[in-house]
Amino acid sequence: TPSDHIADLEAIRNHLGREQIHLLGHSFGGMVAMSYLDQYPSHVASMILLGTGVSDPEVMQRSGERLGSRIAELQRAGIIPDPIPQTSCSEKFAAVLPAYLADPKSAPPAPMLRRKCDGSRRSAVLNAFIHTPYAKGVMTSTAPVLAMFGDHDPFGAGSALHVRLEPEHRH
(Lines give C-alpha, C1' and ligand atoms only; values in the text may rest on other atoms or scores of the structure.)
Protein backbone atom coordinates (compact mmCIF):
# COMPACT_ATOMS: atom_id res chain seq x y z
CA THR A 1 0.00 0.00 0.00
CA PRO A 2 1.12 3.62 -0.25
CA SER A 3 1.51 3.72 3.53
CA ASP A 4 3.79 0.64 3.33
CA HIS A 5 6.08 2.38 0.82
CA ILE A 6 6.19 5.53 2.96
CA ALA A 7 6.86 3.48 6.10
CA ASP A 8 9.70 1.68 4.29
CA LEU A 9 11.37 5.01 3.45
CA GLU A 10 10.93 6.20 7.01
CA ALA A 11 12.44 2.95 8.32
CA ILE A 12 15.46 3.44 6.03
CA ARG A 13 15.89 7.03 7.26
CA ASN A 14 15.70 5.84 10.88
CA HIS A 15 18.12 2.97 10.21
CA LEU A 16 20.62 5.39 8.69
CA GLY A 17 20.26 7.63 11.73
CA ARG A 18 19.68 10.70 9.56
CA GLU A 19 17.46 13.61 10.44
CA GLN A 20 16.96 14.34 6.74
CA ILE A 21 17.43 12.35 3.54
CA HIS A 22 17.81 13.21 -0.14
CA LEU A 23 15.27 11.46 -2.37
CA LEU A 24 15.39 10.59 -6.05
CA GLY A 25 12.22 9.26 -7.64
CA HIS A 26 11.64 8.13 -11.21
CA SER A 27 8.17 7.37 -12.58
CA PHE A 28 6.27 5.51 -9.84
CA GLY A 29 9.20 6.16 -7.48
CA GLY A 30 8.53 9.89 -7.81
CA MET A 31 5.02 9.32 -6.52
CA VAL A 32 6.47 7.49 -3.51
CA ALA A 33 8.98 10.30 -2.93
CA MET A 34 6.32 13.04 -3.10
CA SER A 35 4.03 11.08 -0.79
CA TYR A 36 6.91 10.67 1.68
CA LEU A 37 7.61 14.42 1.44
CA ASP A 38 3.93 15.05 2.07
CA GLN A 39 3.92 12.95 5.24
CA TYR A 40 7.42 13.82 6.51
CA PRO A 41 8.32 17.25 5.09
CA SER A 42 10.92 17.97 7.79
CA HIS A 43 12.78 14.73 6.96
CA VAL A 44 13.46 15.57 3.29
CA ALA A 45 16.63 17.58 2.61
CA SER A 46 16.09 17.64 -1.16
CA MET A 47 14.32 15.73 -3.89
CA ILE A 48 14.86 14.99 -7.57
CA LEU A 49 11.92 13.78 -9.64
CA LEU A 50 12.44 12.24 -13.09
CA GLY A 51 9.40 11.78 -15.31
CA THR A 52 7.27 11.21 -12.25
CA GLY A 53 3.67 10.23 -11.97
CA VAL A 54 1.50 12.38 -9.74
CA SER A 55 -1.43 12.14 -7.38
CA ASP A 56 -4.01 13.36 -9.86
CA PRO A 57 -6.33 10.96 -11.72
CA GLU A 58 -6.97 13.36 -14.63
CA VAL A 59 -3.28 14.04 -15.26
CA MET A 60 -2.47 10.34 -15.05
CA GLN A 61 -5.34 9.46 -17.40
CA ARG A 62 -4.01 11.93 -20.00
CA SER A 63 -0.53 10.42 -19.57
CA GLY A 64 -1.95 6.95 -20.17
CA GLU A 65 -3.83 8.18 -23.23
CA ARG A 66 -0.60 9.63 -24.62
CA LEU A 67 1.12 6.27 -24.13
CA GLY A 68 -1.85 4.55 -25.82
CA SER A 69 -1.57 6.91 -28.80
CA ARG A 70 2.14 6.19 -29.08
CA ILE A 71 1.48 2.45 -29.01
CA ALA A 72 -1.17 2.82 -31.75
CA GLU A 73 1.24 4.91 -33.85
CA LEU A 74 3.95 2.26 -33.49
CA GLN A 75 1.45 -0.45 -34.40
CA ARG A 76 0.61 1.41 -37.62
CA ALA A 77 4.36 1.61 -38.33
CA GLY A 78 4.70 -2.16 -37.78
CA ILE A 79 7.01 -1.76 -34.78
CA ILE A 80 4.51 -3.05 -32.22
CA PRO A 81 2.33 -6.03 -33.16
CA ASP A 82 -1.37 -5.48 -33.76
CA PRO A 83 -3.04 -7.03 -31.95
CA ILE A 84 -0.80 -6.99 -28.89
CA PRO A 85 -0.21 -10.56 -27.64
CA GLN A 86 -2.33 -11.42 -24.62
CA THR A 87 -0.78 -14.80 -23.81
CA SER A 88 1.20 -13.57 -20.81
CA CYS A 89 1.99 -10.35 -19.00
CA SER A 90 5.69 -10.70 -19.87
CA GLU A 91 4.94 -11.19 -23.58
CA LYS A 92 2.56 -8.21 -23.61
CA PHE A 93 5.17 -6.02 -21.90
CA ALA A 94 7.88 -7.07 -24.38
CA ALA A 95 5.55 -6.27 -27.29
CA VAL A 96 4.80 -2.70 -26.12
CA LEU A 97 8.31 -1.99 -24.82
CA PRO A 98 9.32 0.01 -27.94
CA ALA A 99 6.73 2.65 -26.93
CA TYR A 100 8.82 3.41 -23.83
CA LEU A 101 12.04 4.03 -25.78
CA ALA A 102 13.13 7.34 -27.31
CA ASP A 103 14.09 5.37 -30.43
CA PRO A 104 11.45 2.64 -30.70
CA LYS A 105 13.45 0.94 -33.47
CA SER A 106 16.45 0.38 -31.18
CA ALA A 107 16.96 -2.83 -29.28
CA PRO A 108 15.56 -2.58 -25.76
CA PRO A 109 18.09 -2.92 -22.94
CA ALA A 110 18.40 -6.59 -21.96
CA PRO A 111 17.34 -6.03 -18.32
CA MET A 112 14.02 -4.64 -19.54
CA LEU A 113 13.40 -7.81 -21.56
CA ARG A 114 14.00 -9.91 -18.44
CA ARG A 115 11.15 -8.22 -16.59
CA LYS A 116 8.92 -10.79 -15.00
CA CYS A 117 5.28 -10.23 -14.25
CA ASP A 118 3.89 -11.60 -11.07
CA GLY A 119 0.59 -11.72 -9.27
CA SER A 120 1.42 -8.64 -7.21
CA ARG A 121 -1.02 -5.85 -6.54
CA ARG A 122 1.19 -3.37 -8.41
CA SER A 123 -1.74 -1.82 -10.30
CA ALA A 124 -3.82 -1.47 -7.14
CA VAL A 125 -0.95 0.28 -5.34
CA LEU A 126 -0.35 2.63 -8.30
CA ASN A 127 -4.07 3.42 -8.37
CA ALA A 128 -4.02 4.13 -4.63
CA PHE A 129 -1.13 6.59 -5.09
CA ILE A 130 -2.93 8.29 -7.99
CA HIS A 131 -6.09 8.74 -5.92
CA THR A 132 -4.43 9.92 -2.68
CA PRO A 133 -4.14 13.71 -2.87
CA TYR A 134 -1.16 15.39 -1.32
CA ALA A 135 -1.92 17.19 1.92
CA LYS A 136 -0.16 20.08 3.60
CA GLY A 137 3.30 18.47 3.79
CA VAL A 138 4.05 19.08 0.13
CA MET A 139 2.85 22.68 0.50
CA THR A 140 4.88 23.45 3.63
CA SER A 141 8.16 21.78 2.69
CA THR A 142 11.11 24.07 2.13
CA ALA A 143 13.25 21.31 0.59
CA PRO A 144 14.63 22.12 -2.86
CA VAL A 145 13.01 20.01 -5.58
CA LEU A 146 14.26 19.44 -9.11
CA ALA A 147 11.63 17.96 -11.43
CA MET A 148 12.71 16.86 -14.91
CA PHE A 149 10.52 15.67 -17.78
CA GLY A 150 11.86 14.67 -21.18
CA ASP A 151 10.35 15.80 -24.45
CA HIS A 152 10.21 12.18 -25.59
CA ASP A 153 8.78 10.69 -22.41
CA PRO A 154 6.11 8.21 -23.54
CA PHE A 155 3.70 9.61 -20.96
CA GLY A 156 4.43 13.20 -21.94
CA ALA A 157 5.25 16.07 -19.64
CA GLY A 158 1.70 16.50 -18.39
CA SER A 159 2.80 15.87 -14.83
CA ALA A 160 5.31 18.72 -15.04
CA LEU A 161 2.79 21.47 -14.38
CA HIS A 162 1.33 19.49 -11.49
CA VAL A 163 4.74 19.08 -9.85
CA ARG A 164 5.52 22.79 -9.64
CA LEU A 165 6.37 23.01 -5.97
CA GLU A 166 7.23 26.69 -5.65
CA PRO A 167 4.97 28.21 -2.95
CA GLU A 168 2.74 29.99 -5.45
CA HIS A 169 2.33 26.86 -7.63
CA ARG A 170 2.09 24.01 -5.15
CA HIS A 171 -0.71 21.48 -5.57
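The values are calculated or read from the model by the stated rules, or taken from the named source; none is laboratory data. Fair warning: this is a prediction, and the values are worked out from it, not measured in the lab. Don't worry about glycine lacking a Cβ; one is built from the backbone with ideal geometry, like all the others, and counts go over all protein chains shown. Accessible surface areas use protein heavy atoms only, side chains included; no ligands, DNA or RNA. Shrake-Rupley method; radii C 1.70, N 1.55, O 1.52, S 1.80 Å.
Carbon-plus-sulfur fraction of the accessible area of segment 25-119, 1.4 Å probe, in percent? C and S atoms contribute 54 percent here. For the chain, leaving out every one of the trypsin sites (Lys or Arg not before Pro) that falls in a DSSP loop and has at most 13 other Cβ atoms within 10 Å, the longest unbroken run is 19-104. Comparing mean-square fluctuations of Ile130, Ile21, Ile12 from a GNM of the chain with C-alpha springs under 10 Å, the top value falls on Ile12.
Around the amide H of His26, modelled in the peptide plane, lie the amide H atoms of Leu50, all under 5 Å away and 5 or more residues distant in sequence or on another chain. Rounded to the nearest 20 debye, the dipole size of segment 27-85 about its Cα centre is 160 debye, using +1 on the Cβ of Lys and Arg and -1 on the Cβ of Asp and Glu. Bridgeable lysines around Lys105 (alpha carbons under 25 Å apart, same-chain partners fewer than 8 residues away excluded): Lys92, Lys116.
Under 5 Å between amide hydrogens, built in the peptide plane, is the criterion, and for Ala147 it picks out Leu49 among residues at least 5 positions away or on other chains. Each of Ser27, Ala45, Pro109 was placed along the dipole of the chain (beta-carbon charges, centred on the mean Cα), and the one lying farthest toward the positive end is Pro109.
In this calculation the C-beta distance from Lys105 to Met148 is compared with R0 = 30 Å, giving a FRET efficiency of 0.75. Here segment 33-69 is scanned for amide nitrogen atoms under 15 Å from the site 7 Å beyond the Cα of Ser3 along Cα-to-Cβ, giving 36, 39-40. The simple spin-label model puts a point 7 Å past each Cα toward its Cβ; for Asp82 and Gln20 those points are separated by 5.2 nm. With contacts taken as Cα pairs under 8 Å and at least 6 residues apart, the chain reaches a relative contact order of 30 percent.
Counting only heavy atoms of the protein chains, get the accessible area per residue of the chain (1.4 Å probe) and round it to a whole Å² value. Walk me through the numbers on the way to the answer.
Details: 10160 Å² over 171 residues.
On a per-residue basis, the chain sits at 59 Å².
Rounded to the nearest 20 Debye, what is the dipole magnitude of the chain about its Cα centre when Lys and Arg each give +1 and Asp and Glu each give -1 at the C-beta?
On the way: 16 positive and 17 negative charges, 67 e Å.
Charge dipole of the chain: 320 debye, to the nearest 20.
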